[in-house]
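Since the structure comes first, as structure tokens, the remarks are kept for the end.
Please treat every number below as a calculation from the coordinates, not as lab data. Treat the numbers as computed from the prediction; the structure is a model and nothing was measured. As a convention, Cβ positions derive from the backbone with ideal geometry for all residues, glycine included, and neighbour counts pool all protein chains shown.
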Amino acid sequence: MLLSMFHSLVAMHIVTGSIGAITFWIPVLGRKGGINHRRWGRVFTTSLIITGSLAMLMSLLTLYGPLETHPHLVGQFDESFVRGIFGWMMLTTGLLTVNLAWYGWLTIQNKSRQELNRTPLNMGLQFALIPVSLNCALQGWLIGQPLMYGMATVGLATAATNLWFLSKKKPGPADWTKEHLKALVGAGISVYTAFMAFGSVRLLPQLALHPAMWAIPLTVGVAIILWHWRSVDRQYANRIRYSSA
């Protein structure tokens with residue numbers, strides 16, 4: 001029963017995650033603010049929120065029955081390892097994905113209207129990510145998996161930077177745009193990381209902890225964020241120059 005439930009969640013997770021991974025590139029590469037950007041951006045955001053939620057449910061089932069939900073890993077890894085990587089770390093990754101997708105969606109909807117950005121759900125997602133990330137680091141220390149420190153660091157950095165923006169009374173004209181880009185590209189990083197790292201478990205379990213599986217999506221995603229941030233800065237600088245001319 002437990003394994004059947006887990007496999008059902010995995011199947012839905014793969015479907016929604018695949019939709020998110022594909023639609024991610026349409027708003028990233030397409031013209032910003034256009035009809036396709038908005039339409040596919042909604043599809044991407046919705047699929048990522050569902051994907052992250054399914055990942056959290058999968059992690060809870062793993063914490064309840066580590067080897068029962070991952071019988072293919074019996075004999076390769078012990079119960080504490082499976083609970084740590086596919087339970088606690090996946091819980092952090094799932095919450096991080098939902099956090100970024102929802103936060104990024106709100107920033108584009110509300111822009112600089114901070115009172116609308118500070119909803120109970122949005123603020124709750126920020127504060128929930130802090131203890132979950134700290135626990136991920138603790139669990140990584142207990143089982144000797146430093147990779148979990150990295151995930152914890154990303155979670156804490158996300159919560160800190162999101163709360164920093166939300167604490168601003170009057171954000172700058174480019175701030176909300178940058179936050180929107182950071183959050184939704186960050187959500188894209190998480191879905192590609194999940195496919196490359198967690199997804200490799202069924203084919204080559206040893207690859208799940210290979211640094212490259214985690215470094216490649218992160219490096220590409222950060223490069224995309226910095227590229228678009230530079231474009232935003234250039235765009236607003238040109239507006240100021242033309243308005244003062």
(message) Based only on other Cβ atoms within 10 Å, what is the fewest-to-most ordering of 37, 13?
(response) 37, 13
(message) Is there a quick way to get the dipole size of segment 2-237? I mean about its Cα centre, with the Cβ of Lys and Arg at +1 and of Asp and Glu at -1; what is the value in debye to the nearest 20?
(response) 1180 debye
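For the chain, what does the helix formula give at 222 nm: sum of -39500 (n - 2.57) over DSSP H segments with n ≥ 4, over the residue count, nearest 500 deg cm²/dmol?
Helix-only estimate at 222 nm: -26000 deg cm²/dmol.
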(request) Please give the length that would be gained between residue 163 and residue 130 if that part of the chain were fully extended, namely 0.36 nm times their separation in residues minus their C-alpha to C-alpha distance (nm, one decimal). (result) 10.8 nm
(request) For residue 178, list the aspartates and glutamates whose Cα falls under 12 Å from its own Cα; do not include residues on the same chain fewer than 8 positions away. (result) 233
(request) Identify which of the listed values of Cα extents along the principal axes in Å was calculated from the structure shown: (1) 71, 32, 30; (2) 44, 38, 32; (3) 68, 50, 25. (result) (1)
